[in-house]
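Reviewing the structure listed below.
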Amino acid sequence: MVPARRPGGQQKIPSPSGRRPAGDALWSALPGSFSLGDVVARVGAYQEVLAELPTPRTDERVSAVMILLADGPSGAEVLLTRRTETLNNHKGEMSFPGGRVDADEGLIEAARREAWEEVGVDPSSVTVVGRLSPLSTFVSRSFIVPVVGVLSSHPVLTLHEVEVDRAMWVPLVELVRADTFSWEWWDFTGLPDSQERAMFFFHLDDETVWGATARMLHELLCVVHGADHLSICNW
């Protein structure tokens, strides 16, 4: 019997009429290890199968996000933030620290800077262990590159309240619970580059992670479970 889904949060999810459940998690048949050391090792090994970064479309602006990991009582934990309701795009959504890459900086430098500006994480304390696949967003026309970084301990966070109104550490093992994760196929017929796309959701006790952030989390969790090819990690 499928367990009842956790409550989730008040995030506004514009579900289309053309949607259908997708079934079990893609990692359901793979053994997962959630120790921080194993997660770091698998992210490192995953770099060998990632392709070179593609060229963003002319209407996209390049952004970088920092996926921060630290050790916790249940193994590796990831830092999630919630965007304020006053922002122009993706207001009230769960996210990773991140933003536009300035002309005079690289992706890693930008991700470290954004983590410092949004939640007060010292750039020098972040050990970068790799990246995940880039993705494009419809609403903000962003080409986002996820950078994965590790902290030796949980720092004291200082939120930039104009952009972030909450930050929380979530154990990776919690994200793969049967009552937390779900995914669906959404039909985007009529939109540019329309096609049926996989959409991922993580229903926590008082937040729902979806959209680009959930897609990045899904890829990370596939990597954690030992998936070493893009056909599983990127749907």
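Annotations
- With a cut-off of 14 Å between beta carbons, the residues surrounding Ser152 carry a summed charge of -3, where Lys and Arg count +1 and Asp and Glu -1.
- The stretch 135-183 shape via C-alpha gyration tensor axes, a/c threshold 1.5: oblate
- Binned Cα-Cα distance frequencies in the stretch 167-219 - 5 Å width, integer %: 5, 18, 27, 22, 12, 8, 7, 1
- Per-pair calculated FRET efficiency, R0 = 22 Å: Ile13 and Asp38 via Cβ, rounded to 0.05: 0.10
- Each peptide in 30-41, 174-185, 70-81 gets a packing score, the mean of other Cβ atoms within 10 Å over its residues, and the list from highest to lowest is 70-81, 174-185, 30-41.
- For the stretch 28-153, the fraction of C-alpha pairs farther apart than 21 angstrom is 43 percent.
- Residues Asp206 and Arg20, FRET efficiency given R0 of 35 Å [Cβ-Cβ distance, rounded to 0.05]: 0.80
- In range of the label at Ser152: residues from the stretch 100-136 whose backbone nitrogen is under 17 Å from the point 7 Å along Cα→Cβ: 121-129
- Candidates Thr84, Thr127, Thr189: whichever shows maximal mean-square fluctuation once the chain is modelled as a Gaussian network with Cα springs under 10 Å: Thr189
- Our compactness index for the chain, the C-alpha radius of gyration over the empirical 2.2 N^0.38 Å, is 0.96.
- Peptides 6-14, 212-220, 104-112, 50-58 ordered by average Cβ neighbours within 10 Å, highest first: 212-220, 104-112, 6-14, 50-58
- Overall, the anisotropy analysis places the stretch 1-89 in the rounded class: the square-rooted eigenvalues a ≥ b ≥ c of its C-alpha gyration tensor yield a/c less than 1.5.
- Distance (nanometres) between label positions extended 7 Å along Cα→Cβ at Gln47 and Leu87: 2.7 nm
- For the pair the stretch 146-214 / the stretch 8-33, the C-alpha centres are spaced 11 Å from each other.
- For the stretch 145-159, the residues whose amide N sits under 16 Å from a probe point set 7 Å from the Cα of Ser125 along the beta carbon direction are 149-159.
- Highest-MSF residue in the chain out of Arg83, Arg131, Arg61 [GNM, Cα springs under 10 Å]: Arg61
- Full extension of the chain segment joining Thr189 with Thr137 gains 17.1 nm, where the gain is 0.36 nm per residue of separation less the Cα-Cα distance.
Laboratory data are not the source of any read-out in this text; all were calculated from the coordinates shown. Only a predicted model underlies this, so the values are computations on that prediction, with no experimental measurement involved. No Cβ is skipped: glycine too gets one built from the backbone with ideal geometry, and neighbour counts run over all protein chains shown.
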